[in-house]
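The values are calculated or read from the model by the stated rules, or taken from the named source; none is laboratory data. These figures come from a predicted structure and were not determined experimentally. Using ideal geometry, Cβ is built from the backbone for each residue, glycine included, and neighbour counts are taken over all protein chains shown.
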Amino acid sequence: MKTYFLTKELRPELRKIWGVPIFGTEKEVSKRFEKICQKKKFKKIITVGDYCSLALPSDVKIFDGRINRNKPVSLQRCSFSCWNPPASINKEVWPILKKAIAENKNVFVQGEEDLLVIPSVILSGEGTAVVYGLTGQGVCLIEVSSEIKASFRKMLKKFKEGRFEKVVLGGTFNGLHPGHRYFLSMAGYYAEEAVIGLCSDKMVKARKKYFKKIGTFEERKKTLKNYLRKIGLKSEIIKIDDIYGLAAKDRELKAILLTEETYPNGKKINQIRKKNNLKELHYVILPYLLDPSLARVGKKISSKNR
């Protein structure tokens, strides 16, 4: 199998409800789920996601230890683990999921498990139920059949095979804490080349309350270049004075690396690109890394606390 990357065009389709929605309180969802299982007598039940894996009985549980992307939960027992970054289906997960489903074993996902609903359906036999959660609503239950498997294979063909040619990302990158390093290293997973917008001193002073604690542009650029050289990422560093920078006008850019906090900026950039008759960038949204000392309350690593 190949690694598949989520495109901007697919996001609306993936927000649709697959299968039967079971919405309500946790108690209501559990009760309705039990009734459906008693009636259908599924050969196997697979839950994808921490909420449904914790709340519902299943033969195979696939989870990443977080609810709502950044709220940590207690890890469940597992026999397998795999690495699957957001907005992708890593080629390495296929044989692991296949074995876990065959042996009724749990899988811990380092990264994000949302899109693993797709391979879970494709790899399952008919009469299996694949269940995934919808934030704030409940769960959806997909009864695997030959027709459903065919539709999921068709959907998979709409994903991009292989990395994007060029990705853009931006930031202050002061001190290069683990969150920064993770963000930069992931650029190499998603793209062959990266363009990095580094905030100018003027932009830092205008946007950061603690600007006096932040290094100068040249200091930050030097540290950034050294790290990029270390990880072997083909890249270019551009000084930016606003959130748009080169991202709003470079025709060669294909995707933009964002966090939940900067996603609104990504949408603004695409609005400008659309006005300029440029192709909109594909979104890659990474969850922030949790500060080990504050992980239980979901606090991210920040330069302000270092």
Here the qualifying pairs (Cβ atoms under 6 Å; residues six or more apart or on different chains; first in the range 36-55 and among the β-branched types (Val, Ile, Thr); second crowded, with 20+ Cβ neighbours inside 10 Å and part of a helix (DSSP H, G or I)) come out as Ile46/Ser120; Thr47/Ser53; Val48/Leu116; Val48/Val117; Val48/Ser120
Residue pairs qualifying under the 6 Å Cβ cut-off, at least six apart or on distinct chains, with the first in the range 1-25 being closer than 14 Å to Leu156 by Cβ and the second being in a helix (DSSP H, G or I), are Met1/Trp94
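Just the residues that are in contact with a helix residue (DSSP H, G or I) (Cβ under 8 Å, 6 or more places away or on another chain) and of a type outside the set (Lys, Arg), please, taken from the range 87-111.
Those that are in contact with a helix residue (DSSP H, G or I) (Cβ under 8 Å, 6 or more places away or on another chain) and of a type outside the set (Lys, Arg): Ala87, Ser88, Ile89, Val93, Trp94, Leu97, Ile101, Asn106, Val107, Val109.
Can you confirm whether the range 66-75 contains a residue that is in a helix (DSSP H, G or I) and modelled with pLDDT under 95?
The answer is no, given that none of the residues of the range 66-75 is in a helix (DSSP H, G or I) and modelled with pLDDT under 95.
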Output for Cβ contacts, cut-off 7 Å, separation at least six or different chains, first residue aromatic (Phe, Trp, Tyr) in the range 171-192, second assigned to a helix (DSSP H, G or I), reads Phe173/His180; Phe173/Arg220; Phe173/Leu224
Out of (1) within 24 Å of Leu14 (Cα to Cα); (2) assigned to a strand (DSSP E or B), the one Pro86 does not meet is (2)
Note: among Arg220, Arg153, Arg181, Arg229, just one is modelled with pLDDT under 95 and assigned to a helix (DSSP H, G or I), namely Arg181
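Would you confirm, using the coordinates I've provided, whether Ser185 is within 30 Å of Ser58 (Cα to Cα) and of a type in the set (Ser, Thr, Tyr)? Even if it seems obvious, please write down each step before you answer.
Details: within 30 Å of Ser58 (Cα to Cα): no; of a type in the set (Ser, Thr, Tyr): yes.
Here the answer is no, as Ser185 does not meet what is asked.
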Output for Cβ contacts, cut-off 6 Å, separation at least six or different chains, first residue crowded, with 16+ Cβ neighbours inside 10 Å in the range 199-226, second of a type in the set (Gly, Ala, Ser) and assigned to a loop (DSSP other than H, G, I, E, B), reads Phe217/Ser200
